[in-house]
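*Asks:* So that we are looking at the same thing, I have put the structure below in structure tokens.
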Amino acid sequence: MSTNDFEHILTEISPFTDYVYLHIKGEPLLHPELQDILSLCSQYHLHANITTNGTMIQEKAAILSTANALRQVNISLHSFEQDVKMERSDSDLNKIKEDLYSYLKPITDYAIYMSQHTKAITALRLWNLEGEHTDTFTHEKNRFVHSFLEDAFHVSIKPEMITRGIALMERVYLNQDHRFQWPSLSVPVLSTEGFCYGLGTQAGILVDGTVVPCCLDQEGDVSLGNIFSTSFSSIINGERAQSILHGFKDHKIIEELCKRCGYRHRFI
Ligand code: SF4
């Protein structure tokens with residue numbers, strides 16, 4: 001997305017919100033004009049939140065640490081499951097631990113620096129728990145992550161802390177949660193009743209300007225309109241958007257995508 005398009009979006013949404021979240025599944029730190037985008041957020045008095053896999057955190061730390069608008073950076077530590085190629089054997093575990101060390105070290109260095117020099121929050125996310133069904137390989141990798149964080153932040157992470165947010169140092173947290181079924185029209189319906197904060201407290205805008213109810217609709221399956229041709233106000237007050245919103249208020253799931261979304265089960 002160009003900075004001109006981004007600024008157009010800010011003019012549309014700034015009357016409705018104080019926050020922007022620079023992600024819909026893509027990697028925001030890859031954007032070549034990240035610094036200008038964060039400056040625009042500041043210009044429009046919006047607090048910026050970023051969710052990243054953390055692989056470019058060292059490279060972009062100078063931009064992030066000097067961005068007035070930056071409120072929070074979420075780092076998806078569970079993304080190492082995609083980034084690190086794994087074979088399920090003990091001999092490969094040592095190699096994985098080496099890769100994990102190289103992955104985690106710049107992230108914890110960044111978090112410590114930000115805590116000591118800025119007001120921005122860093123949330124380290126480990127959203128790969130499956131309760132008692134978590135496989136031993138994932139357990140083993142998570143144990144390594146815990147042990148790494150214990151050493152880096154001089155804290156003790158107890159097993160009973162597993163599903164709670166843990167303060168690692170000032171404004172640095174470890175958030176752990178269970179995996180959820182990413183919404184997709186190609187998976188079976190999970191339920192037709194329930195609640196979600198989609199459109200109530202958030203909306204998503206894709207790179208082509210399509211407005212969707214949340215940051216999980218990466219394909220634009222629930223297209224509510226296009227912000228480059230229609231005002232944001234008209235889009236969120238439109239028939240489809242209002243129907244979704246009223247449905248959630250009545251505990252009814254209107255959209256086919258939402259019926260297939262496991263994320264909303266977190267709100268039950
Ligand atoms: S139910 Fe899922 S797909 Fe639908 S708005 Fe909520 S988070 Fe988005």
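The values are calculated or read from the model by the stated rules, or taken from the named source; none is laboratory data. This one's a predicted model, so the numbers in the text were calculated from it and none came from an experiment. Positions of Cβ are backbone-derived with ideal geometry, glycine not excepted, and every protein chain shown enters the neighbour counts.
*Asks:* Considering V212, V189, which residue is aliphatic (A, V, I, L, M), out of contact with any Phe, Trp or Tyr (no Cβ under 6 Å at 6 or more places or on another chain) and within 22 Å of V20 (Cα to Cα)?
*Replies:* None of the other options fit; the residue is V212.
*Asks:* If the requirement is being assigned to a loop (DSSP other than H, G, I, E, B), basic (K, R) and closer than 30 Å to E150 by Cα, which of these qualifies: K95, K25?
*Replies:* So the residue among K95, K25 that is assigned to a loop (DSSP other than H, G, I, E, B), basic (K, R) and closer than 30 Å to E150 by Cα is K25.
*Asks:* Can I ask one more? Among the residues of region 176-198, which ones are buried (at least 16 other Cβ atoms within 10 Å of the Cβ) and over 17 Å from the mean Cα position of the chain (by Cα)?
*Replies:* L190, G194, F195
*Asks:* Shifting gears a bit: Can we say G247 is within 11 Å of the ligand (Cβ to nearest atom), crowded, with 19+ Cβ neighbours inside 10 Å and farther than 20 Å from W182 by Cα?
*Replies:* yes
For (1) closer than 30 Å to Q202 by Cα; (2) part of a loop (DSSP other than H, G, I, E, B); (3) not polar (S, T, N, Q), each residue gets a yes or a no:
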residue	(1), (2), (3)
L29	yes, no, yes
L40	yes, no, yes
H45	yes, yes, yes
A48	yes, no, yes
A67	yes, yes, yes
Q72	yes, no, no
L104	no, no, yes
L124	yes, no, yes
W127	yes, no, yes
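*Asks:* Can you name the residue in region 209-234 that is of a type in the set (V, I, T) and closer than 15 Å to L10 by Cα and is also farthest from the ligand (Cβ to nearest atom) among such residues?
*Replies:* T230
*Asks:* If you don't mind, there's one more thing I want to ask. Taking region 250-268 on its own, how many of its residues are of a type in the set (K, R) and more than 11 Å from the ligand (Cβ to nearest atom)?
*Replies:* Selection size over region 250-268: 1.
*Asks:* Which of (1) more than 13 Å from the ligand (Cβ to nearest atom); (2) modelled with pLDDT of 95 or more; (3) charged (D, E, K, R) does R164 not meet, given it meets every other one?
*Replies:* Among (1) more than 13 Å from the ligand (Cβ to nearest atom); (2) modelled with pLDDT of 95 or more; (3) charged (D, E, K, R), the lone unmet condition for R164 is (2).
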